[in-house]
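Scroll down for the structure; my scribbles are underneath it.
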Amino acid sequence: MLNERNWIVTETCFDPKSQNHAETIFTIGNGYLGTRGAHEERYPGEERTTFIHGVFDDVPIVFTELVNAPDWLDLTLNLGGEWFSLSEGEILAYQRQLDLRNGLLSRRVEWRSPRGACWHILFERFASLTNPHLLCQRVTIKAFEDTTLEVRTTLSGDTDNLNYKHWEWIGQGFGQNSAWLHLRTRSTGIELGAATRLSILGGQKLRQTAWDTRNAPTLVAATQLKSGDVVEIEKITAFYTSRETTDPQSAARRALESLPVSAWKGLWESHARAWQREWEACDVVIEGDDRAHLAVRFSLFQLLAAAPRQDERVSIGAKALSGYGYRGHVFWDTEIFMLPFFTYTRPEIARNLLSYRFHTLEGARKKARENGFKGAQFAWESAATGEEVTPTWVPHPTDRTRLIRIWTGDIQIHISADVCYAIWQYWQATGDDDFMIHRGAEIFLDVARFWASRAEWNAETGCYEFTDVIGPDEYHDHVDNNAYTNALARWQLLTALKVMNWLQERKPDKAAALRRLLELDENELARWREVAEKIYWKQDAASGLIEQFEGYFQRRQIDLQALEPRTQSIQSLLGIEGASEANILKQPDVVMLAYLLPELFDEKTLRANYEYYNARTDHTFGSSLGPAIHAIIACRVGKPDEAYQHFLRAALADLEDVRGNAHDGIHAASAGGIWQAIVFGFGGLKFEPEGPKVNPCLPRHWRRLKFRISYRGQPYEFDLLNSPAGGKGG
Ligand code: IFM
């Protein structure tokens, strides 16, 4: 059994000012949906939000967004004639806890009402991992006088996305102790069926009624209590959408009808067992650093809670299912930052996430075509169809009369290689030939075709170039020959040729079918090699420095240290233009390349580039994707203390809100990066021909680091003990 140490995230007081941050932290989910940790009763400024994977609808500016589903949390209590609220009366005791072992969110409150009556209330909820359509709530109430209790719950279809409404009403009705609602998204026409059942167990039942308010069917139950009575309220809600079934409304009602009168216990037991199995595959143990240990488990919990287990047509957005940030859009964050965690611990989930890219290939082909290229160009921001959904213009953050042009959707092209990198990594780690044959190869070949058509021949330099791009470092746009993009493009083209050769040998009929489908001939394959071998690449022979893009070394030199202490990013301080003219990076670019393609960096090159770019990166307020990668490379150059500083920036991004933006949702890429920092940084995991090997570089105060992976179908556990002197462990 998993003991309690470093498994529980706790809140000890109710602070309305930080409630949106707390909602993010207390998000629960089951891979089908995610629900922010809003309270059962309502408070001003709250963002009570549930996102269901794949339920997107059109919206101005950001094109499409995940839709806020009907609220399943709503439950108001009338206690002896007074409405329970943390803003009224007196809070005698308060503790909210998220148990990461099983995703149970509980809140224990001792409350004295304005009239002076005392109540003990325990709220509990979980989103079933065994049946992801079921959402469970229980409220246990103890009365200290003879009194009445009334419970109201509304299944409201009137939810919005930050004031934008997506749902239209189709119908509603009532069953035995239950209510149902049938809705449809306005533009995409996705139907949702929701049903909820309310039961009071214990007390002297007085009445149970239903209010047929349009778009807000409400159940009301009342009971009589004696002093000392403990009563349990159980509420189970079911959601289905037309993405899973043709009749979601009946499916939701049937799901409730098949449950016993008291369903919590049975649902809870199978749910808790399912979570235990999840952790058996991936738990990380750190001894000597409780704060980091909890933060790591929190990150893994949030990734697991958002991981689609039954659906291969969805992926995990930049904020997972925990907030409005980036509106549910999928970036390279998934493939490069989150996916390794799944590939090496839950490969079936990694397969689903990669299959999403296969199912959205048509969108990527459309993007390439519309830009005048061949093959498949993946969207920088992707949603249901794979078409580009990056907003083109967004309002200026401080001056509302101005708009800012966002270029990432036009020219941040490295994502197409990143997707292939993740496929390759998955294939190497799992040996899942079936995936490569039926899905991966097609993606690889069509992306190679994109790169070859996008490359521009420069007769003067005798090189193929990629001009006018954005590399990972988004402080600099419209740059030429970004080292990361060029190196990943070369890797992608050469690896696509390897994949083609392998397929020809292993499955000649499939290779022939793909050649026909994509109209690929030998000339085109030969051109891929020619382009790959002549891609622009510049490295200073003496220093080993790789220039991030042409002209980077001439950008205005800024001394980052001289600007400390700061509370803003370099882009906020200098403005968009100012940051672009300067040599400061938002996030690792050459260092990112060193992580993904270590074979390009000998020891001297790695150290030189790490030192150089590390000093010029906006670690604290630049991108949250950066610190975990810097931590890994700091380990590789033998700097565990520096690695630990970087690691903490990533690890505390959500729990301690070090960037001040956790209210928008969790930093899911950073969460995945944290796992990589543990395993590939501090653990020093590498895959040798004989199998996985570690070369640890533990922070001095860590006594022990334990983690598990799965490699080629075999489980491996690494148990690394720090030597008393620190640094290297064994
Ligand atoms: O994908 C990232 C990008 O690297 C930096 N800006 C935020 C995006 C979404 O997380």
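Since every read-out is calculated from the coordinates, none of them should be taken as a lab result. Remember, it's a predicted structure, so these values are computed and weren't measured experimentally. Because the Cβ atoms are built from the backbone with ideal geometry, glycine has one as well, and the counts that use them run over all protein chains shown.
Annotation: the residues His329, His396, sorted from fewest to most other C-beta atoms within 10 Å of their own C-beta, follow the order His396, His329.
Run through every distinct alpha carbon pair of the chain and return the Kirkwood hydrodynamic radius in angstroms, one decimal place. Show your work: numbers first, answer last.
On the way: mean 1/r = 0.0369 Å⁻¹.
Value: 27.1 Å, from the Cα pair sum.
Under 22 Å of direct C-alpha separation, and excluding same-chain neighbours fewer than eight residues apart, Lys366 reaches these lysines: Lys374.
Model label points for Glu530 and Arg703, set 7 angstrom from Cα along the Cα-to-Cβ axis, are 6.4 nm apart.
The alpha carbon convex hull volume per residue for the stretch 629-717 rounds to 109 Å³.
Any idea what the dipole of the chain comes to, in debye rounded to 20, about its Cα centre with Lys/Arg Cβ at +1 and Asp/Glu Cβ at -1?
Using Cβ point charges on Lys, Arg, Asp and Glu, the chain gives about 1260 debye.
Absence of a disulfide-compatible partner, taken as no other cysteine beta carbon within less than 4.7 angstrom, is noted in the chain for Cys13, Cys118, Cys136, Cys282, Cys420, Cys463. Shown here are the Rg and Dmax of the Cα trace of the stretch 34-144, at 16.6, 54 Å.
Residues in the stretch 402-419 carry Karplus couplings, in order, of 10, 10, 10, 7, 9, 9, 4, x, 8, 10, 8, 8, 5, 4, 5, 6, 4, 4 Hz; the curve used is 6.51 cos²θ - 1.76 cosθ + 1.60 with θ = phi - 60°, and Gly or Pro positions show x.
Compute the Kirkwood hydrodynamic radius of the stretch 224-280, taking the inverse of the mean of 1/r over all pairs of distinct Cα atoms, and give it in Å to one decimal. Walk me through the intermediate numbers first.
Details: mean 1/r = 0.0704 Å⁻¹.
Taking the inverse mean of 1/r over all distinct Cα pairs, the stretch 224-280 comes out at 14.2 Å.
If R0 is taken as 41 Å, the Cβ-Cβ distance between Ala615 and Arg42 corresponds to a FRET efficiency of 0.25. The residue list Ile406, Phe687, Ile584 was ranked by how far each Cα lies along the charge dipole of the chain toward its positive end, using unit charges on Cβ atoms, and Phe687 comes out on top.
Modelled label positions at Asp468 and Asp158, each set 7 Å beyond Cα in the direction of Cβ, lie 5.0 nm from each other. Just to be sure I understand the model, the point goes 7 Å from the Cα along the line to the Cβ. What's the resulting Arg5 to Ala542 distance in nm? Going from the Arg5 label point to the Ala542 one covers 5.4 nm.
For the pair Glu460 and Leu206, the difference between a 0.36 nm per residue extended length and the Cα-Cα distance amounts to 82.6 nm.
With a Förster radius of 22 Å applied to the beta-carbon distance between Val230 and Trp83, the computed FRET efficiency rounds to 0.60. What Kirkwood Rh does the stretch 1-56 have if only Cα atoms enter the pairwise 1/r average? Answer in Å. It is 12.9 Å. Could you list the residues of the stretch 225-254 with an amide nitrogen less than 16 Å from a label point located 7 Å from the Cα of Arg313 in the Cα-to-C-beta direction? Inside the label zone: 240-248. Cα gyration tensor of the stretch 511-636, axes a ≥ b ≥ c as square roots of the eigenvalues: rounded (a/c below 1.5), prolate (a/b > b/c) or oblate? Since a/c reaches 1.5 and a/b is larger than b/c, the shape of the stretch 511-636 is classed as prolate. Neighbour counts of other Cβ atoms within 10 Å put Leu597, Leu256 in the fewest-to-most order Leu597, Leu256.
Its alpha carbons considered, the stretch 165-319 gives a radius of gyration followed by a Dmax of 20.0, 57 Å.
With a Förster radius of 41 Å applied to the C-beta separation of Glu599 and Gln561, the computed FRET efficiency comes to 0.80. The packing ranking, built from the mean of other Cβ atoms within 10 Å per residue, places the peptides 137-148, 312-323 in the order 312-323, 137-148, highest first.
Here is the size of the stretch 411-477 from its Cα atoms: Rg then Dmax, 14.9, 44 Å.
For the stretch 457-538, the Kirkwood hydrodynamic radius from C-alpha pairs, put into Stokes-Einstein at 25 °C and a viscosity of 0.890 mPa s, yields a diffusion coefficient of 172 µm² per second. Going down the table (Lys165/Lys205; Lys498/Lys686; Lys142/Lys205; Lys534/Lys604), which pairs top 27 Å between alpha carbons? Where the Cα-Cα span goes over 27 Å, the pairs concerned are Lys165/Lys205. Sorted ascending by nearby beta carbons within 10 Å, beginning with the fewest, Phe444, Phe298 become Phe298, Phe444.
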